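The values are calculated or read from the model by the stated rules, or taken from the named source; none is laboratory data. Just so it is clear, the model here is predicted, and its values are computed rather than measured. Glycine also receives a Cβ, built like all others from the backbone with ideal geometry; neighbour counts cover every protein chain displayed. Ligands, DNA and RNA are stripped out before the accessible areas are found, and what is left, the full protein with its side chains, is counted by its heavy atoms. Shrake-Rupley method; radii C 1.70, N 1.55, O 1.52, S 1.80 Å.
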Amino acid sequence: MESKLNRLVVLGAGESGAGAAYLAQQRGYEVFVSDFGAIADNYKKQLQDWNIRFEENQHTEEEILKAVEVIKSPGIPDKAPIVKKLKEKGTPVISEIEFAGRYTKAKIVGITGSNGKTTTASLTYHILKNAGLNVGLAGNIGKSFAYQVATEKFDHYVLELSSFMLDDMYQFKVDIGVLLNITPDHLDRYDYKMENYAASKFRITQNQTAADYFIYCADDPETIEGMRTREFKAQQLPFSIKKKTIPGAYLDNENIIINTLKEHFEMSINDLALQGKHNLYNSMASGIVAKVLELRNETMRESMGSFRNIEHRLEFVAKISGITFINDSKATNVNSTWYALESMTSDVVLILGGVDKGNDYNMLKGLVKQKVKAIVCLGKDNRRIHDAFEDDVDIIVNTFSAQEAAQVAYHLAKKGDTVLLSPACASFDLFKNYEDRGRQFKQAVKEL
């Protein structure tokens, strides 16, 4: 009879699921992967090459319920029937990050927040790597943490952690935790209660000790509210652009100043690669991490000045007849679009729309009045955008392809303007995903 002691089941066969399955097999577990949907060809091939058993388009309960532990993809909600059954049975259901964390002694920098995590994680990784640290980048970004733990020997990791990942982490701890901000997002997964969502974000500090660090935004009201009722063992390093925070990071005229207990750093904001107010926060958070790790000021300045942002996040596409085109397709919620508009310094033709997750556009009204001369809708149903902005903008046009949107926006813009694709919506009505939307837009701009 086969032993049940080391049967491990992985639910969801995406990047994190495939990586977790590989690490589990390497560590001697008997692994079974189950995906309720279809498995993408590249992950299917990996599982076949590794001789890992899997199923797709179904969950076979008797297989799954025999597991001693289950690793679940962050995209699967706790309300899913199979997850409920596992929890009733008392089977531990954990995240890939929790599992992989058992098998590495590396120092962990964990970054969470509703907005800016990908940029901050990428920038932090860039600074650490340029300083010569042996560092990996994982979590919501790049190759899965589990796969890297199985195949690499990094001394440090920078992890971008979503609230869904944090929800399934129990023993895991970060040495340096960063909480950028807390704004309403994904509330459908948290019974529409802001405090439930905030509690997920604060899990970044769980299990921290006095030897660890907690870096947070002192200007973010939800963060400060959440901190009032919680205790923190880690050393706190706030960052602010409104007040002087020592230790921590703050703005002094045109300079970012960072102080930890041992280290001091300053840099002119005009030399930063990332511009815009929200990016000051991202740069400050990354800079504090670097100073906690006692990196040299010269290499930090060089890295913070040379960083290239990720694709589809305020990505410069081209300048045509004096009109700048920016691809911010990764802005799938209103907040992200607010950040994008806030960083604009010229008049904007804004491309908005897609699958609306019950968006509240009120937050954008002030910035739209101030900066937007025309809105180009890119989606199947644009009524809510028309209703929201008809009093604020003279021109609102409907388009149904990236090509059409780029052409219309180009004709509405004049020299010195910016055409900004920052949709505030998901992309599934006309595109495969936000990457597909961004790439089609970039292609369309090249053809103008």
_Wholly enclosed strands (runs of 3 or more DSSP E) of the stretch 225-336 bearing at least 2 residues under 30 Å from Phe428 (Cα atoms) and open to solvent by 50 Å² or more (accessible area, probe 1.4 Å)_ = 315-320
*asked:* Condition (residue is at pLDDT 95 or above, over 19 Å from Asn140 (Cβ atoms) and hydrophobic (A, V, I, L, M, F, W, C)) applied to the stretch 11-22: is it met by at least one residue?
replied: no
*Lone qualifier among Lys277, Lys291, Lys262 - being within 24 Å of the chain's Cα centre (by Cα) and closer than 26 Å to Val135 by Cα*: Lys291
*Go through the residues of the stretch 14-25 one by one and say whether even a single one is within 26 Å of Lys432 (Cα to Cα), not in a helix (DSSP H, G or I) and not aromatic (Phe, Trp, Tyr).*
yes
_Just to be sure before I move on: is Thr183 in contact with a Pro (Cβ under 7 Å, 6 or more places away or on another chain) and either in contact (Cβ under 8 Å) with a residue 24 or more places away in the chain or not aromatic (Phe, Trp, Tyr) (or both) in the structure I sent?_
no
_Failed condition for Lys105, given (1) surrounded by fewer than 24 Cβ atoms within 10 Å (Cβ to Cβ); (2) under 20 Å from the mean Cα position of the chain (by Cα); (3) among the charged types (D, E, K, R)_ = (2)
*asked:* Name the residue that is farthest from the chain's Cα centre (by Cα), counting only residues in the stretch 221-239 that are under 21 Å from Ala290 (Cβ atoms) and free of Cβ contacts under 8 Å to residues at least 40 places away in the same chain.
replied: Gln235
_Among the residues that make up the stretch 79-86, is at least one of them open to solvent by 40 Å² or more (accessible area, probe 1.4 Å) and modelled with pLDDT under 95?_
yes
*Kindly indicate whether any position in the stretch 93-103 is β-branched (Val, Ile, Thr), at pLDDT 95 or above and more than 18 Å from Ser200 (Cβ to Cβ).*
no
*Restricting to the stretch 19-44, what's the tally of residues that are under 23 Å from the mean Cα position of the chain (by Cα), buried (at least 24 other Cβ atoms within 10 Å of the Cβ) and farther than 19 Å from Thr60 by Cβ?*
1
*Determine which single condition Val376 fails, assuming it passes every other condition in (1) surrounded by 16 or more Cβ atoms within 10 Å (Cβ to Cβ); (2) of a type outside the set (Asp, Glu); (3) modelled with pLDDT under 95; (4) more than 12 Å from Asp328 (Cα to Cα).*
(3)
*Would you mind stating whether Val393 is touching a strand residue (DSSP E or B) at 6+ places or on another chain (Cβ under 7 Å), open to solvent by less than 50 Å² (accessible area, probe 1.4 Å), in a loop (DSSP other than H, G, I, E, B) and modelled with pLDDT of 95 or more?*
yes
*Residue check, Lys201 open to solvent by 10 Å² or more (accessible area, probe 1.4 Å) and either under 26 Å from Glu96 (Cα atoms) or not hydrophobic (A, V, I, L, M, F, W, C) (or both)*: no
*When the stretch 337-358 is examined, which residues are found to be surrounded by fewer than 20 Cβ atoms within 10 Å (Cβ to Cβ) and under 21 Å from the mean Cα position of the chain (by Cα)?*
Glu342, Ser343, Val355, Lys357, Gly358
_Residues located in the stretch 407-448, provided they are assigned to a helix (DSSP H, G or I), farther than 24 Å from Lys357 by Cα and small (Gly, Ala, Ser)_ = Ala409, Ala444
